[in-house]
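The values are calculated or read from the model by the stated rules, or taken from the named source; none is laboratory data. Since the model is a prediction, treat every value here as computed from it, not as a measurement. Note: ideal-geometry Cβ built from the backbone for every residue, glycine included; neighbour counts use all protein chains shown.
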Amino acid sequence: MTNETNDSLKIFLIFFFALTFCARGFALSETKENSQQQSTAYQKFQLFYDWSATYACDEIRWGSDPAHWNRGADPYHVCTDGSVSYDQPNSQGPLGWEGYCGQVAVSNITGMFCQRMIAPKNIDFYATDSFPGSLPSTLTTILTQIFAEKNGVMRCPNGEWKTSTSELSQTFISNLKKLLFQTNQKSVIQRKRSYESTIAVSPVIILLNEGVLAYHYVTLLDLIDNSYDSFGCSAVINTWGEQKLLSCENLINHTQNSALGFLAIYFDEHN
């Protein structure tokens with residue numbers, strides 16, 4: 001059903017040629033709060049992926065990482081379902097080589113799983129690579145290191161982060177459901193689907209793309225029913241300080257990577 005992704009040549013090719021990775025190729029790639037409000041980067045990001053809806057995560061909190069108090073506190077957004085969505089920092093390096101979408105996804109994950117509020121700008125402390133954006137293997141290394149780090153606190157569940165691929169679209173959707181709704185794991189978050197109901201989910205990171213443009217890591221929180229979609233669902237996604245809805249048809253259209261297949265980064269709990 002799935003395979004561990006360790007093919008360095010394939011990864012090299014896709015990341016070397018995807019020079020717009022993490023939306024950094026959108027010219028300026030500012031965060032949406034910067035001066036030229038709704039920057040070129042953010043506007044094109046909005047258009048590329050055919051979002052069904054965008055929900056503002058208006059509650060802003062300040063949080064810090066109890067394992068590294070010296071880093072101070074940084075702001076993050078809390079969405080109406082109780083989930084975390086960090087803003088994406090400005091891209092860095094020549095032509096915006098480092099886009100920070102992978103770091104944002106890691107920050108979202110650690111905030112929800114561990115209540116460790118690690119700002120995206122601090123994620124590179126754990127690992128970096130020489131590719132544009134971040135390799136999937138780099139993100140799994142970072143997350144596994146953070147989850148294993150104690151430093152006087154034991155907030156993260158015990159386990160490791162892994163990369164999974166699927167070759168077929170229907171298999172990918174089925175795999176995402178299994179990864180999100182892992183009934184054998186205790187390490188889940190409670191997502192409010194409505195005022196009346198909550199669901200236990202294990203968020204995953206997926207990689208969106210638009211052809212060879214706009215590669216962008218996002219945090220997938222849930223798959224909800226959508227009778228108008230051929231796969232019968234819509235994806236609930238946190239990115240760029242917001243929460244967005246994407247039909248599963250469009251999710252499939254924007255997650256097919258010619259070198260990697262359909263990619264997901266997920267948590268494997270150790271009992």
Restricting attention to the range 242-253, report how many residues are surrounded by fewer than 22 Cβ atoms within 10 Å (Cβ to Cβ) and either without any contact (Cβ under 8 Å) to a residue 60 or more places away in the chain or not hydrophobic (A, V, I, L, M, F, W, C) (or both). 6
Can you tell me which residues in the range 129-145 are among the hydroxyl-bearing types (S, T, Y) and part of a loop (DSSP other than H, G, I, E, B)? S130, S134
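Take the residues in the range 63-87 that are outside any loop (DSSP other than H, G, I, E, B) and free of Cβ contacts under 8 Å to residues at least 40 places away in the same chain; name whichever of them is nearest to N238 (Cα to Cα). Even if it seems obvious, please write down each step before you answer.
If we filter the range 63-87 for residues that are outside any loop (DSSP other than H, G, I, E, B), which is where we start, we get 63, 69-71, 74-78, 84-85.
From what's left, free of Cβ contacts under 8 Å to residues at least 40 places away in the same chain: 69-70, 75, 78.
Values: W69: 26, N70: 27, P75: 16, V78: 10 Å.
By that ranking, first place goes to V78.
Look through L143, L180 and report the one residue that is surrounded by 22 or more Cβ atoms within 10 Å (Cβ to Cβ), in contact with a helix residue (DSSP H, G or I) (Cβ under 9 Å, 6 or more places away or on another chain) and farther than 21 Å from G72 by Cβ.
Numbers: L180 fails: in contact with a helix residue (DSSP H, G or I) (Cβ under 9 Å, 6 or more places away or on another chain).
Step by step, each of L143, L180 is checked, and only L143 is surrounded by 22 or more Cβ atoms within 10 Å (Cβ to Cβ), in contact with a helix residue (DSSP H, G or I) (Cβ under 9 Å, 6 or more places away or on another chain) and farther than 21 Å from G72 by Cβ.
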Residue list for the range 190-223, restricted to those being crowded, with 16+ Cβ neighbours inside 10 Å, farther than 14 Å from L263 by Cα and either in contact with a Pro (Cβ under 7 Å, 6 or more places away or on another chain) or among the hydroxyl-bearing types (S, T, Y) (or both): S202, L221
Exactly one condition in (1) touching a helix residue (DSSP H, G or I) at 6+ places or on another chain (Cβ under 6 Å); (2) more than 24 Å from S134 (Cα to Cα); (3) modelled with pLDDT of 95 or more is false for I189; which is it? (3)
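Scan V201, V188 and give me the residue that is without any contact (Cβ under 8 Å) to a residue 24 or more places away in the chain and under 15 Å from the mean Cα position of the chain (by Cα).
V201
Taking Y228 as the residue in question, decide whether it is under 26 Å from T138 (Cβ atoms) and either surrounded by fewer than 16 Cβ atoms within 10 Å (Cβ to Cβ) or of a type in the set (F, W, Y) (or both).
Working: under 26 Å from T138 (Cβ atoms): no; either surrounded by fewer than 16 Cβ atoms within 10 Å (Cβ to Cβ) or of a type in the set (F, W, Y) (or both): yes.
No, not satisfied.
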(1) modelled with pLDDT of 90 or more; (2) closer than 24 Å to L143 by Cα; (3) surrounded by 15 or more Cβ atoms within 10 Å (Cβ to Cβ): which one isn't true of G82, the others all being true? (3)
Can you list residue pairs whose Cβ atoms sit under 9 Å apart, with the first residue in the range 129-145 being on the phi > 0 side of the Ramachandran plot and the second being assigned to a loop (DSSP other than H, G, I, E, B) and among the aromatic types (F, W, Y)? Count only pairs 6 or more apart in sequence or on different chains. G133/W97; G133/Y100
Matching entry among M154, M117, M112 (being modelled with pLDDT of 95 or more and either closer than 21 Å to N271 by Cα or of a type in the set (S, T, N, Q) (or both)): M112
